[in-house]
């Protein structure tokens, strides 16, 4: 029988595909961690981008797909730029791999450590229509069941005490559920996006649930 797929790389490289044979399980995607420093001159917070690796897929769907890697990015306490976009700070988790059972998407967390920052202040500096700052990984396609979408969490401030969440949708038959979304005050694209659930191939199979989007502030 096939061996197990290799683990993902240290900073979010994709998980290895399951070894051929009768098919191995897909390896897990690598987890990614990024911590921005303090940029020189003026004490501005440095950029922090973390991208989790995708889980490996199992050949011929014989065994489980690998789980997507988690992504954690931390922006430290310096001054924030006038415009904040996903190129400055983002955490995108890896997607689950395909298999007999789809791998779950990874979880993504982005933390702004500055103590006195408010949700309104952060949203006022977001680039309109930009890509999400936090995105959970999508669940993998499965023969009998799709993987669950990963959760996405944005933490604003080191003293966050409140929380707002948007739950992902449950599956509809073989179709996976959509991930929860939280939009900024400017509308446009969501700033926090839960991962979509994976779909199932077999007519009697079930899709995966979507991941939850959360802002703590």
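Please treat every number below as a calculation from the coordinates, not as lab data. All values reported here derive from a predicted model rather than from experimental measurement. Cβ: placed from backbone, ideal geometry, glycine included. Neighbour counts: every protein chain shown.
Just a few scattered comments:
- Taking 70, 104 and counting other C-beta atoms within 10 Å, the order from fewest to most: 70, 104
- Scattering from the chain was approximated by placing one identical point on each alpha carbon and applying the Debye formula without solvent; log10 I(q)/I(0) at 0.09, 0.12 1/Å stands at -0.36, -0.60.
- Simple spin-label estimate for residue 131 and residue 44 gives 2.0 nm between the two label positions (7 Å along the Cα-to-Cβ direction from each Cα).
- MRE, 222 nm, helices only [DSSP H, n ≥ 4, -39500 (n - 2.57), over the chain, to nearest 500]: -1000 deg cm²/dmol
- Using a Förster distance of 45 Å, the FRET efficiency for residue 115-residue 172 (Cβ separation, nearest 0.05): 0.60
- Across the range 69-158, Cα pairs under 8 Å and at least six residues apart give a relative contact order of 38 percent.
- Extension gain for residue 60 to residue 189 (0.36 nm times residue separation, less C-alpha to C-alpha distance): 42.8 nm.
- For the range 81-134, diffusion coefficient by Stokes-Einstein and Kirkwood Rh (Cα), 37 °C, 0.692 mPa s, µm²/s: 249 µm²/s
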